[in-house]
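What follows is calculated from the coordinates using simple rules that are stated; it is not laboratory data. All values derive from a computational prediction rather than experimental measurement. Cβ: placed from backbone, ideal geometry, glycine included. Neighbour counts: every protein chain shown.
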């Protein structure tokens, strides 16, 4: 199957010049907020190192920590489930819902707070097909759910939309006045709408930011309080996590909470940092632990450190390419630089253009709170794409030809001379033909000098 | 001290003047420079394109050309970074290890090998410095805004000491220009937009001369300047330090 690749989708995004400006500036504003929250913390770089080392240690001992976590969670009265892949995960969640709510004459009702894992597993569509009503309660998630779109950012799921777009969506789905774009009014409409959904819910589902092996408890970080409202009202709480969310001990947690919100949005800490340990009497708590390709990534020496990611989204906010191409151009649950090193592990053919959707500027690696060497991994994925014969044929043969020329000085000197000669003689309209030369769409070629440096040197210095 | 000059392939072909200025500058600073005639390229274009295996012959040719020297100096942070970072896929013979250690970006060489902190030239212009990502984040030649709010680095240190110069204070001090090797054509739309945004930042803040340590970034930015007929003159740092005027 042919998928539109990143360059195509990015080009379409860039057709709207003003909107691209707005998208870039909006995310750059978040990056600057992050800087303002980071610079005054003198030990911030030490925290990054520590966070990186704790995760390295945890990933090297993941089998033991996962079992320790399961044992302690079970002792706390939580039911732990294991899912090898997305299909198993979705099946498990559905069965928990069907078994625990025997509703008559209506669909079971699920409220969700933000969970990128359930996006990755495409849970919503699956549950809806099985007669379970699903409502995303995070404001941004609800907006994109109404629009039947995937999130375009892992922390700011509706960042691709302007308030006018939200107004239109709410007019259609919530009956707000046509043309209404006041954020206060739109947010209030969403609050009133969601309040009813919270009260009526049978089951609440949350993601997990950190799962603590030592205590068997887990932590959910949100800003809207929707996770807490959901789980405290519903009879059943299902929490879903990837296997990489483990940290060994409770005292490690503060290293991450200090990094997460600062890196994500420039807040010192998220508004809600909720700890869940055991179910309230008469209620149920389930944890679903999911692999879905993660152990395969763990087995890739060059790429395993991508599993250290705490999903802060800072690499997206800082990425000059993401800011100018939008999350949807990546066509993967996790977009941006981190998505570009996670996605080839899942489907190399489909995502082969993503490791190339970068200038390798390295800003992502420097901003990453757990020090994932993202740009180094992008370079390494490129080599794997090349070796898997997934490069466009023209590019592959051009590279091979160039490599030959550049290893033979005489051929190189001659080719350079001919190319410069041609550039000097041929008319501008031909050398700058936009369908043949993408460079020339927005740029002039450099002037071709009569003499190369080598020729100058030979004439003047030898 | 045996010093070789490496002029990257696209500089050799299109920016003769940058090569000449680099050579003249090093000579003015008292360095005896050899230019090995059989040199071609560091191999980065193919490697960044996902074909580093195809580059091995180019890497080996580079090592063979330069391994007899104590230092190899080049007006490019990007090529320097590539040799240091990515020549790990060929056998690490003593010659390969030596070349990976002896390769220096020009300004790094001036400041940290020659220990020269000031070049007594005059350049009475408003200058915008474009930090190349491979020089800045790759070789750590300048602070990164992800790490600190203090804007400082090797090139700006030397520039600031020129007589009469004024440096542009940019809104985004270290955003990538969008060149990115093959990226500039494979991701043309984003690449061009990134370059246009950089130029707009320089224009808003008064840059008259745009400079930097990597000709690749400057070639891309100059392409946009010329297309837009923007009132900016693009010069490589070697040209400014050599005393050339716009």
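What to note about this one:
- Pairwise Cα separations in the range B:3-112 fall into 10 Å bins from 0 onward with the following percentages, short to long: 15, 51, 29, 5, 0.
- Rounded to 10°, Cα long-axis angle of helix B:52-66 versus longest principal axis of chain B: 80 degrees
- Antiparallel DSSP beta bridges within chain B, percent to nearest 5: 5 percent
- Spacing of the modelled spin labels on residue A:75 and residue A:235, each 7 Å from Cα toward Cβ, amounts to 3.0 nm.
- By average C-beta atoms within 10 angstrom, highest first, the peptides A:45-51, B:3-9: B:3-9, A:45-51
- Nitroxide proxy distance, nm - points 7 Å out along Cα→Cβ at residue A:148 and residue A:29: 3.1 nm
- The tail of the calculated P(r) for the range A:344-435 beyond 14 Å holds 76 percent of all Cα-Cα pairs.
- Rounded to the nearest 10 degrees, the inclination of helix A:183-200 to the longest alpha-carbon principal axis of chain A is 50 degrees.
- For residue A:56 and residue A:434, the difference between the fully extended length at 0.36 nm per residue and the C-alpha to C-alpha distance is 131.3 nm.
- Size descriptors for the protein assembly as shown (Cα atoms only): Rg and Dmax, in that order, 27.7, 94 Å.
- Across chain A, the relative contact order, built from alpha-carbon pairs under 8 Å that are at least six residues apart, equals 20 percent.
- Footprinting exposure proxy for B:37, B:219 (fewest neighbouring C-beta atoms within 10 Å first): B:37, B:219
- Euclidean distance between Cα centres, the range B:184-212 to the range A:190-245, Å: 44 Å
- Peptide B:61-72 has a mean shielding of 1, counted as Cβ atoms of other protein chains within 10 Å of each residue's Cβ.
- C-alpha center-to-center spacing [the range A:35-57, the range B:47-78] in angstrom: 35 Å
- Stokes-Einstein D (µm²/s) once Rh is taken as the Kirkwood radius of chain B over alpha-carbon pairs, at 25 °C in 0.890 mPa s: 134 µm²/s
- Computed across the range A:393-460, the Kirkwood hydrodynamic radius from all distinct Cα-Cα pairs reaches 13.8 Å.
- Shape box of the range A:41-292 [Cα atoms, principal axes, largest first, Å]: 54, 51, 31
- Expressed to the nearest 5 percent, the antiparallel share of DSSP beta bridges inside the protein assembly as shown is 15 percent.
- Relative contact order (percent, whole number), the range B:94-246, Cα cutoff 8 Å, 6+ residue spacing: 26 percent
- Equivalent-ellipsoid semi-axes for the range A:184-277 (Cα gyration tensor, √(5λ), whole Å, largest first): 26, 18, 9.
- For the range A:45-129, the Kirkwood hydrodynamic radius comes to 15.8 Å, computed from all pairs of different C-alpha atoms.
- The range A:207-339: mean projected area of Cα convex hull, nm²: 9.3 nm²
- Net length available on complete extension from residue A:410 to residue A:250 is 51.1 nm, with 0.36 nm assigned per residue and the Cα-Cα distance removed.
- Inter-chain Cβ neighbour count for B:212-220, averaged per residue, equals 1 (cutoff 10 Å, partner chain atoms only).
- Order of A:385, A:231 under a 10 Å beta carbon neighbour criterion, fewest first: A:385, A:231
- Taking label positions 7 Å along the Cα-Cβ direction at both residue A:43 and residue A:133, the computed distance is 4.9 nm, reported to one decimal.
- Here is how the number arises for chain A: DSSP H runs of 4 or more residues each give -39500 (n - 2.57), the sum is divided by the residue count, and the result at 222 nm is -15500 deg cm²/dmol.
- Rule-of-thumb Rg ratio for the range B:99-139 [Cα; 2.2 N^0.38 Å; N residues]: 1.43
- Cα-based helix-to-principal-axis angle, B:16-28 vs chain B, degrees rounded to 10: 80 degrees
- Cα centroids of the range A:83-99 and the range A:311-325: 32 Å apart.
- Cα gyration tensor shape for the range A:105-203, rounded if a/c is under 1.5, else prolate or oblate: oblate
- Peptides ranked, highest mean first, by Cβ atoms within 10 Å: ranges A:256-262, A:408-414, A:112-118, A:25-31: A:112-118, A:256-262, A:25-31, A:408-414
- Radius, Kirkwood style, for the range B:126-241 when every pair of distinct Cα atoms is counted (Å): 14.2 Å
- The relative contact order of the range A:393-460, computed from alpha carbon pairs under 8 Å that lie at least 6 residues apart in sequence, is 23 percent.
- Mean partner shielding of peptide B:34-40, defined as the number of other chain Cβ atoms within 10 Å of each residue Cβ, is 5.
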